[in-house]
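Asks: Have a look at this one.
The values are calculated or read from the model by the stated rules, or taken from the named source; none is laboratory data. Computed from a predicted model, the values in this text were never measured in an experiment. Note that each Cβ is placed from the backbone with ideal geometry, even for glycine, and that neighbours are counted across all protein chains shown.
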Amino acid sequence: MSINNLEEVIQGCVKGKRKSQEMLFNIFSKKMFAVCLYYSKNKDEAEDILHNGFLKIFENIKQYKGRGSFEGWVRKIFVNTALEKFRSQTFLTAVNDQIEYDYMTEDADIISKLSSEELIKMIQELSPAYRMVFNLYAVEGYSHEEISKKLEIAEGTSKSNLARARKILQKKVRNRFTLSEKKMR
């Protein structure tokens, strides 16, 4: 879709035109569903976040001023919608102890052997607190200071949750490939 067509769709949404809203949904729903999957524990929860995110977009599209990428603006709404959902469920708990980072060094390209579906499933299996911090840091690129403000937790808690999430994911990846190797023998 060209930039002019996207601008027409956006303007149609500003005017509340259902056809434009449907077009915007069709343009962004697949990408944003992938974002929602990262922040949810399963497909149903991701669909709820997707639905709520689009409602927010349609309610607030007049606030988009054309500065920066529209897709970036949309993505930010979906990430914030997911964060609101999890804050409201009070799954985030403060953990102030520090954990040493234990990086996987055995096989640098082991992650490349995973399908995106396998990786998403592993991330979804993390506790909500670990999943939130991991995604904000590793996927969205936020600093621990920014994460601590977004989630209303201590910066040390953010670092600790990231370290624990990484450790859990590393173990899951190792187990996945250990099982695969045993089956091949």
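Asks: Within region 151-163, work out how many residues are of a type outside the set (A, V, I, L, M, F, W, C), surrounded by fewer than 19 Cβ atoms within 10 Å (Cβ to Cβ) and at pLDDT 90 or above. So that I can check it myself, show each step before the final result.
Replies: Taking region 151-163 and keeping what is of a type outside the set (A, V, I, L, M, F, W, C), we get 152, 155-161.
Within this subset, residues satisfying the condition of being surrounded by fewer than 19 Cβ atoms within 10 Å (Cβ to Cβ) are 152, 155-156.
Among the residues that remain, those that are also at pLDDT 90 or above are: 155-156.
Within region 151-163, residues that are of a type outside the set (A, V, I, L, M, F, W, C), surrounded by fewer than 19 Cβ atoms within 10 Å (Cβ to Cβ) and at pLDDT 90 or above number 2.
Asks: Which of the residues belonging to region 115-150 are among the polar types (S, T, N, Q) and surrounded by fewer than 20 Cβ atoms within 10 Å (Cβ to Cβ)?
Replies: Filtering region 115-150 for residues among the polar types (S, T, N, Q) gives 115-116, 124, 127, 135, 143, 148.
Those that are among the polar types (S, T, N, Q) and surrounded by fewer than 20 Cβ atoms within 10 Å (Cβ to Cβ): Ser115, Ser116, Gln124, Ser127, Ser143, Ser148.
Asks: Cys36 fails exactly one of the following numbered conditions: (1) in contact with a helix residue (DSSP H, G or I) (Cβ under 6 Å, 6 or more places away or on another chain); (2) touching a residue at least 60 places away in the same chain (Cβ under 8 Å); (3) in a helix (DSSP H, G or I). What is the number of that condition?
Replies: Among (1) in contact with a helix residue (DSSP H, G or I) (Cβ under 6 Å, 6 or more places away or on another chain); (2) touching a residue at least 60 places away in the same chain (Cβ under 8 Å); (3) in a helix (DSSP H, G or I), the lone unmet condition for Cys36 is (2).
Asks: So, one more: Is one or more of the residues making up region 53-73 modelled with pLDDT of 90 or more, within 23 Å of His144 (Cβ to Cβ), under 17 Å from the mean Cα position of the chain (by Cα) and assigned to a helix (DSSP H, G or I)?
Replies: yes
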